[in-house]
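Chemist: Input: one structure, supplied below.
Read-outs: derived from the displayed coordinates by stated rules, not from any lab. Computed from a predicted model, the values in this text were never measured in an experiment. For neighbour counting, all protein chains shown are included, and Cβ atoms are generated from backbone atoms with ideal geometry for every residue, glycine included.
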Amino acid sequence: MNEQLATDLLRRYSSGESSEAEKQLIDAWYQELISTGDLSWSEEEKEYVQKNMEANLLQSIEAGEAMSHAPVRRLRGRTWWTAAAVLIIVSGTGYYLINKQRAASKIAKTDVLVNDVAPGTNKAVLTLADGTSIDLDDAANGMIAKQDNAEVLKPEEGQLVYTPNDSRNGEGPLSWNTLATPRSGQYQLALPDGTKVWLNAESSIHYPITFRGNERKVQITGEVYFEVAHNKKMPFIVDILPTKGGAAGGRVEVLGTHFNVNAYNDESAIKTTLLEGKVKVMNGRPVRKESAENDQAAILQPGEQAVIPAGSEKTKPSRNNRIQVRKTDVDDVVAWKNGLFHFENADVSTVMRQLARWYDVEVVYQGASVKNDPLFVEISRNTRLSDVLKILEESGSAKFNIQGKKVIVK
């Protein structure tokens with residue numbers, strides 16, 4: 001694809017004149033950009049486009065449209081191509097690619113955000129049954145512990161696997177481990193039954209070293225995604241601990257399925273989203289028999305989300321605090337597990353809560369109010385914070401400034 005063809009394609013797309021096939025091409029192009037920071041153009045074509053962008057920028061500077069002292073420099077390798085991601089913003093009607101020269105001028109005029117913050121990484125702390133803590137970020141790959149009849153392995157960075165080393169069922173009380181991620185951390189876990197678990201930042205899971213009896217039970221906080229190994233004789237139980245925000249916690253019962261639980265303390269509700277299979281979500285903790293007044297339950301089908309609102313721990317069941325079931329965009333919900341920020345009709349405060357956890361920063365709001373215009377943004381979680389904030393600024397909802405470990409929202 002040469003530069004002229006690409007320009008014509010983008011122009012038709014932004015004006016709504018492109019065909020369905022062209023729209024699919026642009027969408028695929030965009031997805032490749034956000035996932036790899038690169039595009040399938042030859043080096044010669046990239047160099048040609050780069051020269052044209054720089055020429056346009058020089059013209060803008062001479063015309064007074066950019067800062068009079070803004071330096072114009074060659075952008076080598078992937079740097080300039082990554083910067084091109086700022087050219088892509090999203091509107092309510094779909095992906096909208098803004099004019100390259102106008103965007104280049106805006107980039108030139110944007111103040112550099114000092115004290116930039118790197119994205120989160122794979123890091124977590126494992127607490128063994130005897131209370132010993134292991135910082136998995138520092139632990140070497142391989143076997144890191146033995147717990148009863150299971151070996152605890154770290155096969156590679158960001159992963160923890162429990163492997164039973166014999167076939168004994170075991171007797172006596174269960175031994176429990178806890179895996180917890182800090183702010184700006186994430187981790188993957190494979191439980192002894194083969195269930196796969198993903199922990200988002202500032203999350204934890206408390207689980208037995210082996211599963212025995214007639215159920216498999218774990219406890220979680222924060223945000224956790226599950227791919228549960230099927231076992232009809234041993235249902236998988238997720239106890240959701242109560243949040244500081246007032247939600248009473250809850251329970252999810254499954255046989256084998258894929259689902260996500262979001263139970264952060266700073267969110268207004270606990271949300272369980274089903275991707276595959278079937279789950280029963282129950283409100284309150286501990287859970288009594290279903291006939292009890294406070295034991296509300298909902299059966300979810302794929303694509304549905306159960307919402308347990310804050311305040312349900314202190315109030316009697318009502319229209320305002322009972323479990324609410326709604327359809328939802330599952331891609332939006334599990335984007336974090338796939339390495340993306342995906343904001344679909346999200347307000348600024350919702351976006352900033354996610355950024356605060358992933359980059360381990362404090363968010364401070366200045367001014368009378370921040371416009372809560374809906375944001376439609378998708379970007380890799382491997383992006384540095386300053387670049388994420390620059391893209392958000394394109395929406396016009398707010399201005400951002402990084403001061404140490406604080407993000408000032410104006």
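Chemist: For the range 196-223, give me the residue count where each residue is in a loop (DSSP other than H, G, I, E, B), within 22 Å of the chain's Cα centre (by Cα) and not polar (S, T, N, Q).
Modeler: The qualifying residues number 2.
Chemist: Regarding the range 151-158, can at least one residue be identified that is in contact (Cβ under 8 Å) with a residue 40 or more places away in the chain, crowded, with 16+ Cβ neighbours inside 10 Å and of a type outside the set (Val, Ile, Thr)?
Modeler: So far as the range 151-158 goes, no, none of its residues is in contact (Cβ under 8 Å) with a residue 40 or more places away in the chain, crowded, with 16+ Cβ neighbours inside 10 Å and of a type outside the set (Val, Ile, Thr).
Chemist: Among the residues of the range 124-143, which ones are under 22 Å from Leu174 (Cβ atoms) and free of Cβ contacts under 8 Å to residues at least 24 places away in the same chain?
Modeler: Asp130, Gly131, Thr132, Ser133, Ile134, Met143
Chemist: Pairs needed: first member in the range 392-409, under 12 Å from Val363 (Cβ atoms); second member anywhere, part of a strand (DSSP E or B) and acidic (Asp, Glu); C-beta distance under 7 Å; at least 6 residues apart or different chains.
Modeler: Hits for this filter: Lys405/Glu362; Lys406/Glu362.
Chemist: Sticking with this one: Filter the strands (runs of 3 or more DSSP E) completely within the range 334-408 down to those with at least 2 residues that are farther than 21 Å from Pro182 by Cβ and not β-branched (Val, Ile, Thr).
Modeler: 340-346, 375-380, 400-403
Chemist: Within the set of pairs 6+ apart or on separate chains, which have a first residue in the range 187-212 that is closer than 17 Å to Phe236 by Cα, a second that is surrounded by fewer than 18 Cβ atoms within 10 Å (Cβ to Cβ) and aromatic (Phe, Trp, Tyr), and C-beta atoms under 9 Å apart?
Modeler: Cβ pairs passing all conditions: His206/Trp176; Tyr207/Trp176; Pro208/Trp176; Ile209/Trp176.
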